[in-house]
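The values are calculated or read from the model by the stated rules, or taken from the named source; none is laboratory data. All values reported here derive from a predicted model rather than from experimental measurement. Quick reminder, even Gly has a Cβ in these numbers, built from the backbone with ideal geometry, and neighbours come from all protein chains shown. These area figures cover heavy atoms from the full protein model, side chains too; ligands, DNA and RNA do not enter into them. Shrake-Rupley method; radii C 1.70, N 1.55, O 1.52, S 1.80 Å.
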Amino acid sequence: NSGSENVTARFESTDTATAIEFKDSTGTVTLETRNDFRFKSGTTINAIIDASGNVGIGTAVPAFGAISKGIEVEGTTAGIRLQGATTGAFELYHNNGLSTIDSRSAAGGSELAFNTESAERMRIDASGNVLVGTTTIDVYNGTGTGVAVTGSGYIFAGKASAPPLWLNRITDDGD
């Protein structure tokens, strides 16, 4: 068998696509090829592996950032995108030497939270503030508990009903 393809089954079509249908009493599922690999339910493409190796689940177009909902894995940008139909997106990608985690809200003002055991432990808010043990910057006024590092250069540490710690460098002494 040296030099042969070892083809077990071949499905050929003179049309632009080849399809295998699986049908039962609840519906039809189709595996289709058109220089890509498509998983279809009825006429809807539920998942696709395109000719470039990009994977889309819940989308027929796995071009990074182009989907309206679903999951895509794309090779050119080296990224993974989780997209809700109306809620926004979460992306992990690497491009031009920079690895990025991106949280996007459909309404704007997106924040990125880090949870353990289903409880939020840290957040980066839409203003770039890093919040640990709190979801608000209000630790600066003694009403909240946690640590806040602001984009404007302040560090606040607070415990509810106790005077907060404020760190604010006002000169360049000690550089």
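Remarks
- Potential extension, residue 29-residue 44 segment - 0.36 nm per residue separation minus Cα distance: 4.4 nm
- Backbone N under 18 Å from the residue 113 label point (7 Å along Cα→Cβ), restricted to region 124-142: 124-139
- Label separation (residue 6 vs residue 19): 3.2 nm, computed from points 7 Å beyond Cα along the C-beta direction.
- Legend: calculated FRET efficiency, residue 130 to residue 85, from the Cβ-Cβ distance at R0 = 25 Å, rounded to 0.05, equals 0.25.
- Taking the chain as a Gaussian network of alpha-carbon nodes connected by springs under 10 Å, the highest mean-square fluctuation of the residues 54, 95, 129 belongs to 95.
- For the chain, built as a Gaussian network whose Cα springs stay under 10 Å, the top-fluctuating residue of 32, 91, 12: 12
- Given charges at beta-carbon only (K, R positive; D, E negative), |dipole| of the chain in Debye: 320
- Karplus-derived 3J(HN,Hα) values for region 150-163, using 6.51 cos²θ - 1.76 cosθ + 1.60 with θ = phi - 60°, are 8, x, 8, x, 9, 10, 10, 10, x, 9, 3, 6, 9, x Hz; glycine and proline are entered as x.
- Given their separation in residues at 0.36 nm each and the Cα-Cα distance between them, residue 104 and residue 141 gain 10.4 nm when the chain is fully extended.
- For residue 49, the accessible surface of its heavy atoms amounts to roughly 70 Å² (probe 1.4 Å, protein chains only, rounded to the nearest 10).
- Dipole of the chain [Lys/Arg +1, Asp/Glu -1 at C-beta], most positive-end residue of 88, 145, 156: 145
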